[in-house]
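Take a look at the structure set out below.
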Amino acid sequence: MLRRLLLVAAVALAAAGPASAWSKQDGTQVMDDGVTISLSRYTPDGAAPAGGWPGVLVLHGLAGNRGTVEAVSTRLARAGYAVLAYDARGHGASGGEITLAGPREVADLRALRNAFAARPEVHDTRIGAWGISYGGGQIWNALAAGVPFAAVEVFETWTSLYDALWPQDLARSGIVGGLAASIAARSPLVAGIRDDAVQSRNLAAVRALAEGRSASRRFGSIRTPVYLFQGRVDFVFDLDQATRAFAAIRGPKKLYAGNFGHPPSTFPGIDQAYVTQQVVAWYDRFLKGVPNRVDAKKVVIARQGTANRRTELNALPTTKTHTVTLRGNSTARGSRLVTRTAPPLKTALESWGGGTATVTIPRLSRYPRLVVTVLAGNRVVTHGGLVPRAGRNVVKLASYCVYVPRGTRLRVAIGPESPAGQLAYLGFGNAGSATIGDVTLRLKALAKPVSG
C-alpha cells in the first residue's frame, strides 16, 4: 500500500478510438536559476492547423517522472495535441531540489509553458495543462499565480495542503511520513521539517510552508476552465479538496468523483475508459473549440465499484445528516482502541461531506492524539483526529463517498491511531489513557444515494 502511495502517478490511460501517428523528442531546458529540466515533446504527424497545434503540458506525481505519465502524453498526441511532459525539479533526470510545489516549481512551469508556446508548431495561446497529485497541486498554484493556461485538468490533488494533511492540527502521520520519505533525499526543505510534520510539532512553520503551496485563498482570481477529477475514497486528498474549489472558482468548471485515487484506491480505476474520454473532450471543448457539451452537466458521481454507471448533476449534490449516539464509558490505554457499534441502518447511506464525531472524555492523562475511525465491516467510511482535551471534543471527519447498505451496523474505533491495517493515522506508542464517554456521529450523506 505504501508503494502505491509513493507511485500514484503510474498512469495507464488506454487509447480510445482510432490511433494517429506522432513523434517524440527528448530535450532539456535551463531555468533562470541554472537548473536543467529534462523534458519530452510529443508532436502529431502531418501539417499543423493554422496557428499551430493546441498544446498540453503533462505533470507527474510526487516521486515520479515524465515516464510515469507517458500514456497520458501519447493519448493526447494521438488526439491532435502537441504535448510537453517534463521531470519536475528534483525528480527523474532533472536537476535541482524539490521545494514541494512552491514558487520555484511554479516559475519552472511558467517558463516551460512560455517556451512551449513560442515553438512554431504550437499555438501560442491554446495551451492547457494536465496534472496528477503533486502535478495537480503545481497547476493550481500556477493558476493562482496567473500563469495563462487556456484549460486545465487536475487529478486527485490538493487545494489546501494543510487542511488535507494536518486537519485540526493533527498530522495524518502515515500519509505525511510516506510522502516525506519518498522525496527527502532530494529535498533538504522536506528533510528539515519531516519529523515535526509527522509528529504534529512546530505547526506554525508547517502551516506557513503548506499555505504558501495552496491555492485555496486565491480561488476568486481563477477564471481558467478547470476539470477536477477526484477519487471517491482517497486517504491523501479527500473530496473536500475538490468540492470547495468547485464551489469557489468562477470560470467554466466540472467535477468528476470517480473510482480511483491514492490508497486505499488505485489510479487508474475501473472507470478508466470514461476518464480517458472526458480528458480529451475537455481539451477539445476549450482548446479546439469543439461544441461537444462536455460541460453540460457540472458534477458527475461514479457509482461505487462500477465502470459505466454514473449520476450527472447541474451542481454539487444535496446532502442530509445521519445522526447516531453511542453511549458508554470505556478507558483507552496505550495503543488500545475503544470500539462502539451502532444499530443496523434503517436505510442505505452514501457518505459525502464528512461530518463530525463528538467524543466526550471525562478524564485523560498524557493522551496526545485522539483518532476516530468509522467503519462498515473492514471498510473505512471516514476518519479524523485531533489533540484531545477533557470534556467535549468535536472531530471533523474526512469527506469520502462510500455506499453503506441498509442493515449495516457501523462500527466506530477510537484511540491514538487508526485500526490495524489502516495507514492514515499511525501511532507513536507510549500513549497514556483516556476515558471515552458518549460518542455522537453526524455523518453527511447524499440525500439520494447513487450506488446500490
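Every number here is computed from the coordinates shown, using simple stated rules; none is lab data. Since we're looking at a predicted model, the values are computed, not measured. Positions of Cβ are generated from backbone atoms using ideal geometry, with glycine treated the same way; all protein chains shown enter the neighbour counts.
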query = In terms of Cα to Cα distance under 18 Å, which lysines are near enough to LYS396, apart from those fewer than 8 places away along the same chain?
reply = LYS320, LYS444
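Does region 319-446 come out rounded, prolate or oblate by the C-alpha gyration tensor, with a ≥ b ≥ c the root eigenvalues, rounded set by a/c under 1.5 and, if not, prolate when a/b is larger than b/c and oblate if not? Intermediate values should be presented prior to the final figure.
Numbers: a/c = 1.90, a/b = 1.64, b/c = 1.16.
In terms of gyration-tensor shape, prolate.
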Extreme residue, positive dipole direction of the chain, given options LEU203, TRP130, GLY355 (C-beta unit charges) = GLY355
message = If I stretch the segment between ALA47 and SER330 completely, what's the gain in nm (0.36 nm per residue apart, minus their alpha carbon distance), one decimal?
response = 94.6 nm
request  = In debye, nearest 20, what is the charge dipole magnitude of region 2-313 about its Cα centre with +1 on Lys and Arg Cβ and -1 on Asp and Glu Cβ, if you could check?
outcome  = 740 debye
query = Counting only pairs 8 or more places apart or on different chains, how many lysine pairs in region 2-313 have C-alpha atoms closer than 27 Å?
reply = 9
remark   = Longest principal axis of the chain (C-alpha) makes with the long axis of helix 188-199 (C-alpha) an angle, in degrees to the nearest 10, of 20 degrees
message = What is the angle, in °, between the Cα long axis of helix 134-144 and the longest principal axis of the Cα atoms in the chain? Nearest 10 is fine, range 0 to 90.
response = 70 degrees
remark   = Expressed in angstrom and rounded, the centroid-to-centroid distance over alpha carbons for region 79-154 and region 304-371 is 39 Å
task = Extending each Cα 7 Å along its Cβ direction at ASP124 and ARG110, get the distance between those two points in nm, one decimal.
result = 1.9 nm
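List the relative contact order of the chain as a percent without decimals, with contacts defined as Cα pairs under 8 Å and 6+ residues apart. Provide the component values of the computation, followed by the final result.
On the way: 1129 pairs, mean separation 61.9, N = 452.
About 14 percent, as a whole number.
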request  = State the label only: which of [x] 41; [y] 35; [z] 52 corresponds to percent of Cα pairs over 31 Å apart computed from the shown model?
outcome  = [x]
request  = With everything on Cα atoms, drop me the angle between helix 173-183 and the longest principal axis of the chain, reported from 0 to 90° to the nearest 10.
outcome  = 30 degrees
request  = Please name which of GLY415, TRP53, TYR283 has its Cα lying farthest along the dipole of the chain towards the positive end, using unit charges on Cβ (Lys, Arg +1; Asp, Glu -1) and the Cα centre as origin.
outcome  = GLY415
